[in-house]
1. From the list A:A436, A:A444, which one is in contact with a His (Cβ under 9 Å, 6 or more places away or on another chain), of a type in the set (A, V, I, L, M, F, W, C) and assigned to a helix (DSSP H, G or I)?
2. So which of A:S314, A:S325, A:S292 ends up being over 17 Å from the mean Cα position of the chain (by Cα), assigned to a helix (DSSP H, G or I) and among the hydroxyl-bearing types (S, T, Y)?
3. Yes or no: A:A279 over 30 Å from A:P233 (Cβ atoms), assigned to a loop (DSSP other than H, G, I, E, B) and out of contact with any His (no Cβ under 9 Å at 6 or more places or on another chain)?
4. Out of contact with any Leu (no Cβ under 8 Å at 6 or more places or on another chain), within 11 Å of another protein chain (Cβ to nearest Cβ), within 14 Å of A:P204 (Cα to Cα) and touching a residue at least 40 places away in the same chain (Cβ under 8 Å), is that true of B:I94?
5. Which numbered condition trips up A:T275, out of (1) β-branched (V, I, T); (2) at pLDDT 95 or above; (3) under 27 Å from the mean Cα position of the chain (by Cα)?
6. Mind checking which residues of segment A:66-83 are surrounded by 21 or more Cβ atoms within 10 Å (Cβ to Cβ) and of a type in the set (A, V, I, L, M)?
7. With the requirement that a residue be facing another protein chain (nearest Cβ under 7 Å) and within 15 Å of the chain's Cα centre (by Cα), what does segment B:60-73 give you?
8. Would you list the helices (runs of 4 or more DSSP H) that sit entirely within segment A:187-252 and hold 3 or more residues that are farther than 30 Å from A:W18 by Cβ?
Amino acid sequence: MHTWVGVIVGLLLFAIFWMGTISVFDREIDRWMAPMTRLAPPDHVISFETFRPTYDAAVAARAPSWTILQATERQPVVRLVYREAAKKKLINRYFDGTTGAILPDQGSLAGTRFLYPLHYGLHIKAWDLGEWIVGFAGMAMLVLCVSGLIIHRRLFADFFTFRSNTFAGRKFFELHTLAGTLGLPFHILITISGLIVHFSVYFPSGYLSSYEDLRGFNIEAVGGYQRPKANRPGTLAPLDPMVEEARRQWNGAPPWALVIYHPGDANAFVRIFQTFDGAIPRHAPSITFDASTGAVLHKTEPLGPMMTTQRFISGLHQIQFRHWSLRFTYFALGLLGCLLIATGLLFWLESRRKRHAHEGRLGVRIVEGLAVGGTAGLIAATAAFLVINRILPLNTVFLGTEREALEVWTFFVVWIAAFAHAWLLPRTAWIQQCWAIAALSLAAVGLNWITTGDNLIRAASHSHLWGVAGVDTGLLVTAGVAVLFARRLSNRERQTSTTAPAFAG
Amino acid sequence: MADAAHRTTNKAVMRRVLFLRVTLTVIGGYIATSAVVYGLAILLPFAGMARSEAVVTASMLGFIIYLCALLWGAAERRLLRLGLGYAALTAAGIAPWALSRIGG
């Protein structure tokens, strides 16, 4: 049972770290998966009034709120979000930030709406169960880091006694120690900061001690503005004067987000936010206006020191601030974390295999199948997600399933197939899945070229396409590493099968 | 023969104790930590902190407290002492609220 729990926790952690690492470049993946959004950032802020027709649509759809986000460097398109009341359908569309023209429906959840939420909530929304599971894994990671630290007290000695060309189990251990000693401060900080982002989910006893509910706490802690609907129709005053007033109060800082609550209602109010990519704390000042008159209703106060600390720590984790060298560093360290977790899991399984050798082949096969599918299989599924994105035409609907859901289906089907493959062909599972990763990654790069014309050279020579070039480069490197792994593993396989008697299964 | 049988039942007992330890640590530790967070969130305002500030401080500390509770659960040899320890922490966490209710 110990083994089962360990495998589940290990694979959970790997999935969380893998998706988290990928999500460092989630907006770049968005550009790759939604080619219509590969635009140069506009050089001026477009008027929110341009999007008034969409506001009218939101009113007609009885949406609880209507949001417009201005273009940024990493997301160079204007974003519209509102949820239709009827079928709770989410409308999420992009607009050209220079002309205001609507862009074709991207039909993809891409990085920010699939890969990133998978990282912190596993897409299991019922009772926040996904977030709780991730939180549990996070605490397990902290315990493992501390106990690992205690086990490897002779930190520097262990680091310097790293050897290559040793036998399998030992190799995992050496890599695990290396990844651990090199990146330990990051692994610990990224884990605890990730947990602190969701402090109100994990410790409801905190705010329940002094407040009726979370909303009550948030109003005092972060300083929002609330007022209920009047259930009478109301008008929307011109937005430009409100934006002007906000800029005046902010000494010229440009607006980033504009949210209208209770659209179409007499009590509707407009909240305008500054951007938060200029500083680490993930918090933006906002000003609230009455929707029908444009009068200022509320202005957020600066946060208290402890709340600022929470936002700062969250900001360290979510890295929404503008800092490219740090972003690449996070990515590299995240990959190191994935290596740490994968080698830790594999070494641990290897050591338990000797202990449970007598416990029946089936159990061992299932556990090892889980290990392959949960690591190589997950990476292959991610590559498949990108490949299917380039294959499916826009606005595809298949068996009543929309395009963005079809992409998600592909991801999970490939992942489950990887598990099945590992159980059916245990001896060659690793090798074949590595080849699959290489093939899918190369296919993705090739398909990007064929379907969009933005090959690596073209993308590298236009600054607004550097994100796309980055994703393509990442895919090529992944393919290269996968091929290396596959060849190394098949060499070792050939060696052991010629020098030692072959064992079945 | 009798030796082997003794070994397997010993293993079964060990497994059960391990399961008990893990359950106690994960659940009992969480309850104890939540109680301490609750108590801190109530106490800190008396030291001059604003209510919402106290809540976020206590909640953030909760992760460190839970980590210590988990490590203790792994290290403490006697399960009874562990359980009593969690219970004591829980009581300490609820105390400020309980006392304020008694005081009217």
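The values are calculated or read from the model by the stated rules, or taken from the named source; none is laboratory data. Since the structure is predicted, the reported quantities are computational estimates derived from the model, not experimental observations. Glycine gets a Cβ as well: all are built from the backbone with ideal geometry, and neighbour counts include every protein chain shown.
1. Being in contact with a His (Cβ under 9 Å, 6 or more places away or on another chain), of a type in the set (A, V, I, L, M, F, W, C) and assigned to a helix (DSSP H, G or I) holds for just one of A:A436, A:A444, which is A:A436.
2. Result of the check over A:S314, A:S325, A:S292: A:S325.
3. Yes; evaluated as a whole, the condition is true for this residue.
4. No, not satisfied.
5. Every listed condition holds for A:T275 apart from (2).
6. Within segment A:66-83, A:I68, A:A71, A:V77, A:V78 meet the criteria.
7. Within segment B:60-73, B:G62, B:F63, B:Y66, B:L67, B:L70, B:L71 qualify.
8. Filter on segment A:187-252 gives A:204-208, A:214-222, A:239-249.
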